[in-house]
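Student: Dropping the structure in here first, questions after.
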Amino acid sequence: MKTVYTCFCTSVIHEGHLNIIREARKYGEVIVGVLSDEAMVRFNRFPTVEMEERVRMVERIEGVSKVIIQKEVMYDEVIKTYHPDYVVHGDNWKKPPLNAIRDNVEKLLSAYGGKIIDVPYTYNENVRRIDLRNKERLAMPELRRRRLKKLLKLRNIVKTLEVHSGLTGLIAEKTVVEHEGEYDQFDAMWVSSLCDSTAKGKPDIELVDMTSRFRTIDDIMEVTTKPIIFDGDTGGLTEHFVYTVRSLERMGVSAVIIEDKVGLKKNSLFGTEVEQKQDSIEHFCEKIAAGKRIQLTDDFMIIARIESLILEQGMEDALARAAAYVKAGADGIMIHSRKKEPDEILAFCDAFRKTDKNTPIVVVPTSFNSVTEAELAAHGVNIVIYANQLTRSAFPAMEQTAKDILRYHRAKEVDARLMPIKDIISLIEEL
Ligand code: SPV
Ligand code: MG
């Protein structure tokens, strides 16, 4: 009896999967790999069903002889262990980004004469509906909110991209890249005060009010499923902050980050070039504790942002504040710096981790952008936020286009660098 292998990375079994098993069965005994959560979050949608249940779902399918867990996206380990004569997959893996997986399997099988069977992908109205429903479930507030904590366990470092609209939300949601055999995608979204304000043509001084900021969140939530970390600026008055926490939690936001400043807040990247005042430890701790008291679920996180390095108050002050904020109930610490080199951030992380092994550390490497995710993770960082790069890439592109139209008195010259009309009109899928 020949051995046939297929890998499932799905939270719902539909007719397409049954068809794959039926086809596979024609070639021999069928082993199904269920892709681990860790591997799935690298390129696929977050599973809506726990892995144990995903295994049981596949075990119940008629014609399946054995179910295993495939730990990695690439098939090296399973092929080495099971030596299948055939690997069966829907033919959707011929196209990017999945084609790199198919290439990997082809190479591994060719070493001993194994074969790939590409089964035509089942995509009818029924399958489309099932798929859509499953995606929509991920966007439900209860499910979305708790996913950040899950990702903190699954991911070495949670990669977060700034978003400020439905469109930028879609970029964070959908962009998947394969590079040198490794898949990656963003895990979460950052609703930056700087970029949310900039998108509205306003300065980043807590001028855009919460009602407007919530509208932005709502636009993003309408079209995405990934968890949201909200830039709550200073959190405002403690009496107001508790309402913000209540609203964010109800909406399904996963975390709010508040910074320890008072008075007129200016963007941290101005540093000491402008007048900015740091809050007292006691007062900021009260604000954190008040937020924690009001929150209703265990899922929501209040993350305390320390501005000591930005305001040149020294490492000792930053570390003392970190300890105090954690004691007051903060679920995470964000440490910020505007130095070109990551040294002071890494020094803070090392010192903080000596006494606190678990509290998540968040960093925003805008200025110290040479540091890699792996380096940050090695120093105990858990969340990295790319806080403004989408806005900063869009602005010069749009400005140049505007200038060139004025220069040439027509749009022909700019067209070659624009997204084709066909692509823009079909960019957004309809329900
Ligand atoms: C933001 O993105 O609004 C931030 C990060 O708060 S920073 O701009 O670096 O202060
Ligand atoms: Mg901000």
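The values are calculated or read from the model by the stated rules, or taken from the named source; none is laboratory data. These figures come from a predicted structure and were not determined experimentally. Methodologically, a virtual Cβ is constructed for each residue, glycine included, from the backbone with ideal geometry; neighbour enumeration extends over all protein chains shown. Accessible surface is based on the protein model in full, side chains and every heavy atom, while ligands, DNA and RNA are left aside. Shrake-Rupley method; radii C 1.70, N 1.55, O 1.52, S 1.80 Å.
Student: In segment 186-230, how many are open to solvent by 20 Å² or more (accessible area, probe 1.4 Å), in contact (Cβ under 8 Å) with a residue 60 or more places away in the chain, within 11 Å of ligand 2 (Cβ to nearest atom) and out of contact with any strand residue (DSSP E or B) (no Cβ under 9 Å at 6 or more places or on another chain)?
Tutor: Within segment 186-230, residues that are open to solvent by 20 Å² or more (accessible area, probe 1.4 Å), in contact (Cβ under 8 Å) with a residue 60 or more places away in the chain, within 11 Å of ligand 2 (Cβ to nearest atom) and out of contact with any strand residue (DSSP E or B) (no Cβ under 9 Å at 6 or more places or on another chain) number 2.
Student: Related question: Consider segment 291-327. How many of its residues are open to solvent by less than 30 Å² (accessible area, probe 1.4 Å), under 15 Å from Val242 (Cα atoms) and either without any contact (Cβ under 8 Å) to a residue 60 or more places away in the chain or within 16 Å of ligand 1 (Cβ to nearest atom) (or both)?
Tutor: Number of matching residues: 5.
Student: Quick one: count up the residues across segment 259-274 that are in contact (Cβ under 8 Å) with a residue 12 or more places away in the chain and either away from ligand 2 (no atom under 12 Å from the Cβ) or in contact with a Phe, Trp or Tyr (Cβ under 8 Å, 6 or more places away or on another chain) (or both).
Tutor: 6
Student: Please go through segment 191-205 and give me each residue that is in contact with a Lys or Arg (Cβ under 7 Å, 6 or more places away or on another chain) and within 8 Å of ligand 1 (Cβ to nearest atom), ordered by number.
Tutor: Asp196
Student: If you don't mind, there's one more thing I want to ask. Identify, by number, the condition in (1) away from ligand 1 (no atom under 16 Å from the Cβ); (2) within 27 Å of Leu152 (Cα to Cα) that Glu239 doesn't meet.
Tutor: Single failed check for Glu239: (2).
Student: Something else: Could you please give the count of residues in segment 173-185 that are open to solvent by less than 50 Å² (accessible area, probe 1.4 Å) and free of Cβ contacts under 8 Å to residues at least 60 places away in the same chain?
Tutor: The qualifying residues number 1.
Student: State all residues of segment 256-283 that are in contact with a strand residue (DSSP E or B) (Cβ under 9 Å, 6 or more places away or on another chain), under 16 Å from Ile306 (Cβ atoms) and more than 10 Å from ligand 1 (Cβ to nearest atom); if no residue qualifies, say none.
Tutor: Across segment 256-283, the qualifying residues are Val256, Ile258, Asp260, Lys261, Val262, Gln276, Lys277, Gln278, Asp279, Ser280, His283.
Student: Still on this model: Consider Asp279 carefully, then state whether it is acidic (Asp, Glu) and touching a Phe, Trp or Tyr at 6+ places or on another chain (Cβ under 9 Å). Explain how you work it out, then say what you get.
Tutor: Details: acidic (Asp, Glu): yes; touching a Phe, Trp or Tyr at 6+ places or on another chain (Cβ under 9 Å): no.
Considered against the rule, which asks whether it is acidic (Asp, Glu) and touching a Phe, Trp or Tyr at 6+ places or on another chain (Cβ under 9 Å), Asp279 comes out as no.
Student: Still on this structure, I have one more. What pairs can you find where one residue is in segment 366-383 and within 16 Å of ligand 2 (Cβ to nearest atom), the other is part of a helix (DSSP H, G or I) and among the charged types (D, E, K, R), and their Cβ atoms are less than 6 Å apart, with a gap of 6+ or different chains?
Tutor: Pairs that qualify, where the first residue is within 16 Å of ligand 2 (Cβ to nearest atom) and the partner is part of a helix (DSSP H, G or I) and among the charged types (D, E, K, R): there are none.
Student: May I pose another question? Step by step: first the residues of segment 130-172, then only those that are among the small types (Gly, Ala, Ser) and over 23 Å from Thr10 (Cβ atoms), then the one that is surrounded by the most Cβ atoms within 10 Å (Cβ to Cβ). Which residue is that? Walk me through how you get there before you give the answer.
Tutor: As a first pass, look at segment 130-172 and keep what is among the small types (Gly, Ala, Ser): 139, 165-166, 169, 172.
With over 23 Å from Thr10 (Cβ atoms) added as a condition, the list becomes 165-166, 169.
Details: Ser165: 17, Gly166: 17, Gly169: 25.
The residue in question is Gly169.
Student: Let me ask another. With respect to the numbered conditions (1) at pLDDT 95 or above; (2) away from ligand 1 (no atom under 12 Å from the Cβ); (3) over 13 Å from the mean Cα position of the chain (by Cα), which one is the sole condition not fulfilled by His164?
Tutor: (2)
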